[in-house]
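Written below as structure tokens is the structure these notes are about.
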Amino acid sequence: MKIQDFQLFDNHIAVYERANGLPKVTVYRLPAIGESIGQLQGGQAIDFIDPTYAVDPEESPFNSSVLRFHYSSMRTPPSVYDYDMDSGVSVLKKIHTVSYQLHIIYLYVVFWPVFIFTNPLRFDLLNVL
């Protein structure tokens with residue numbers, strides 16, 4: 001298990017880890033002020049529905065019990081979720097739209113010249129003109 005990042009809150013700490021190639025987010029409740037932390041135990045892992053996905057931290061207020069993160073997968077467009085660290089409930093806040101225009105332009109620019117020079121009929125037409 002590799003720790004990639006963490007976010008510290010007033011009463012919680014969210015640890016972004018990677019295990020078996022997949023990201024994982026575990027939320028731990030911190031002890032009261034003045035008590036020793038000792039070892040972090042009893043963390044609550046956030047469950048994700050897709051078998052493969054990407055999750056990254058977003059800016060969250062220190063005094064809040066809400067963890068905001070960015071989530072995406074092959075089935076889910078890039079999205080922003082708020083996770084209530086006290087109740088364990090995730091709420092979808094925003095879905096980023098995916099523009100396919102760039103992909104069409106990319107295919108046109110990259111594959112069009114290949115078609116011209118690999119298609120013998122097209123190559124002969126270019127020589128005639």
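Under 12 Å Cα-Cα from Lys2, which aspartates and glutamates qualify once same-chain neighbours fewer than 8 residues away are excluded?
Glu17
Which residues among region 23-67 fall inside the zone where the amide N is under 13 Å from a point 7 Å beyond the Cα of Leu92, along Cα→Cβ?
49-50
Taking 7 Å along the Cα-to-C-beta vector as the label spot, tell me the Val66-Phe6 distance in nanometres, rounded to one decimal.
Placing both labels 7 Å beyond Cα along the Cβ direction yields 2.5 nm.
Once you sort the root eigenvalues of the Cα gyration tensor of region 1-48 as a ≥ b ≥ c, which label holds: rounded (a/c under 1.5), prolate (a/b larger than b/c) or oblate (the other case)?
prolate
Report, in debye and to the nearest 20, how large the dipole of region 1-52 comes out about its Cα centre when Lys and Arg carry +1 and Asp and Glu carry -1 on their Cβ.
140 debye
Only the coordinates and a few stated rules stand behind these numbers; no lab work does. Keep in mind the model is a prediction, meaning the values are calculated, not measured. Here the Cβ is made from the backbone with ideal geometry for all residues, glycine too, and neighbour counts use every protein chain on show.
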